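Chemist: Here you go, one structure.
The values are calculated or read from the model by the stated rules, or taken from the named source; none is laboratory data. Quick caveat: nothing in here was measured; it's all calculated off a predicted structure. Ideal geometry is used to build each Cβ from the backbone, glycine not excepted, and the neighbour counts take in all protein chains shown.
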Amino acid sequence: MQLSTKHLLGIKHLSPQDISLILSTAGQFKEVLQRSVKKVPSLRDVTIVNLFYENSTRTRISFELAEKRLSADTINFTASASSVSKGETLLDTVNNILSMKVDMVVMRHSASGAPHFLAKHIPAAIINAGDGINEHPTQALLDAFSIQEKLGSLEGKRIVLVGDIMHSRVALSNIYLLNKMGAEVMVAGPPTLIPKYISEALNVKVEYNLEKALQWCDVANVLRIQLERQNQVLFSSLREYNLAYGVSRRLLDGLKKEILIMHPGPINRGVEIDSDVADSNQSIILQQVENGVAVRMAALYLLAGKKTDQ
């Protein structure tokens, strides 16, 4: 089987079959990562450029590691240390890189739609590693893989996304994916951080009471407060936010069941989640990080045109 698309620009553009294929391929690569020799020659002679216009630690390292595990040739490009700081345009930058015969571009950009713009203008395969407040498809895929690994499937499961929904590309990609795979989705947080009409537009439930949301769900994916993307005051203080919407041990102990706790990172400990929750047995945050490499290996492998034998 092959993907129905040449690029991974967002979950919005993937079919449920594409998502299933990436997740099942990731399962095979996770087995590879458990071996003593973790490297496979699958993408030997494929050249990939990591084009990061925005700061990133986990996503960039995860992609770099995935590429090395697949034996690809990689070029790491950071905007702050390049001619971009001298005024070079995005298209000029990429055309210069492509003249070096690059096959794939992994791109993070602060402007929503930047990877889509590139995909229209250059022949290389593009993977969106996060664009503005639009999408972050590989994060949603690794979140789905992590849930599936723990609960067996996504269909019929209840997942709540807690926190700054308004500014979160992770939230949007997760909502698209979970809806396509038959899960029930809820968003929870202060009214100022949840877009109006999201319920009708994206087929999600909305809950402003965190305790009720946690009582409803099987999985809580706790999102970071994106202070750097907020251009106005949307809640009184981080302390007030933590009191009303921070996921605490006390809250979890008061539930009639045990739920899974996730977080895409980086964690603001003591703000959206308390340390004794993030580090608890209910948390699968570190498994998410581990699964990120396998999922990104799968995406790179499939977008390079490699067929699976399924």
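Chemist: Given the options 286, 252, name the one that is of a type outside the set (Ser, Thr, Tyr), in a helix (DSSP H, G or I), modelled with pLDDT of 95 or more and crowded, with 19+ Cβ neighbours inside 10 Å.
Modeler: Details: 286 fails: crowded, with 19+ Cβ neighbours inside 10 Å.
Sole residue among the options that is of a type outside the set (Ser, Thr, Tyr), in a helix (DSSP H, G or I), modelled with pLDDT of 95 or more and crowded, with 19+ Cβ neighbours inside 10 Å: 252.
Chemist: Restrict the check to the stretch 62-71 and report whether at least one residue is in contact with a helix residue (DSSP H, G or I) (Cβ under 9 Å, 6 or more places away or on another chain) and either assigned by TED's automatic domain parsing to the domain that holds residue 202 or without any contact (Cβ under 8 Å) to a residue 60 or more places away in the chain (or both). Before you say what the answer is, go through the steps one by one.
Modeler: Filtering the stretch 62-71 for residues in contact with a helix residue (DSSP H, G or I) (Cβ under 9 Å, 6 or more places away or on another chain) gives 62-63, 65-67, 69-70.
Next, from what is left, pick out any that are either assigned by TED's automatic domain parsing to the domain that holds residue 202 or without any contact (Cβ under 8 Å) to a residue 60 or more places away in the chain (or both): none.
Checking the stretch 62-71: not a single residue is in contact with a helix residue (DSSP H, G or I) (Cβ under 9 Å, 6 or more places away or on another chain) and either assigned by TED's automatic domain parsing to the domain that holds residue 202 or without any contact (Cβ under 8 Å) to a residue 60 or more places away in the chain (or both).
Chemist: If you go through the stretch 188-217 one residue at a time, how many are touching a residue at least 40 places away in the same chain (Cβ under 8 Å) and assigned to a helix (DSSP H, G or I)?
Modeler: 8
Chemist: Run residue 102 past the list (1) crowded, with 18+ Cβ neighbours inside 10 Å; (2) modelled with pLDDT of 95 or more; (3) in a loop (DSSP other than H, G, I, E, B) and report the number of the one that doesn't hold.
Modeler: (2)
Chemist: Something else about it: Checking residue 7 against (1) in contact with a strand residue (DSSP E or B) (Cβ under 6 Å, 6 or more places away or on another chain); (2) closer than 23 Å to residue 153 by Cβ, which test does it fail?
Modeler: (2)
Chemist: I need the full set of residues from the stretch 253-281 which are under 24 Å from residue 149 (Cβ atoms) and in contact with a Ser or Thr (Cβ under 6 Å, 6 or more places away or on another chain), in order please.
Modeler: Result: 261, single match.
Chemist: If you check 171, 111, 125, which single one turns out to be outside the structural domain of residue 184 (by TED's automatic domain parsing) and either aromatic (Phe, Trp, Tyr) or over 20 Å from residue 26 (Cα atoms) (or both)?
Modeler: Values: 171 fails: outside the structural domain of residue 184 (by TED's automatic domain parsing); 125 fails: either aromatic (Phe, Trp, Tyr) or over 20 Å from residue 26 (Cα atoms) (or both).
Only one candidate passes the filter, namely 111.
Chemist: Working only within the stretch 1-56, note down all residues that are of a type outside the set (A, V, I, L, M), assigned by TED's automatic domain parsing to the domain that holds residue 120 and more than 19 Å from the chain's Cα centre (by Cα).
Modeler: Answer for the stretch 1-56, where residues must be of a type outside the set (A, V, I, L, M), assigned by TED's automatic domain parsing to the domain that holds residue 120 and more than 19 Å from the chain's Cα centre (by Cα): 28, 31, 34, 35, 36, 38, 39, 41, 42, 44, 45, 47.
Chemist: On the basis of being among the small types (Gly, Ala, Ser), touching a Gly at 6+ places or on another chain (Cβ under 7 Å) and closer than 29 Å to residue 94 by Cα, does residue 62 make the cut?
Modeler: On the way: among the small types (Gly, Ala, Ser): yes; touching a Gly at 6+ places or on another chain (Cβ under 7 Å): yes; closer than 29 Å to residue 94 by Cα: yes.
When the stated conditions are applied, residue 62 passes them.
Chemist: Which residue is surrounded by the most Cβ atoms within 10 Å (Cβ to Cβ), if the candidates are limited to the stretch 5-48 and must be over 15 Å from residue 148 (Cβ atoms), of a type in the set (Gly, Ala, Ser) and in contact with a helix residue (DSSP H, G or I) (Cβ under 7 Å, 6 or more places away or on another chain)?
Modeler: 10
Chemist: With 160, 185, 170 as the choices, which residue is closer than 30 Å to residue 254 by Cα, in a helix (DSSP H, G or I) and among the β-branched types (Val, Ile, Thr)?
Modeler: Values: 160 fails: in a helix (DSSP H, G or I); 185 fails: in a helix (DSSP H, G or I).
Being closer than 30 Å to residue 254 by Cα, in a helix (DSSP H, G or I) and among the β-branched types (Val, Ile, Thr) holds for just one of 160, 185, 170, which is 170.
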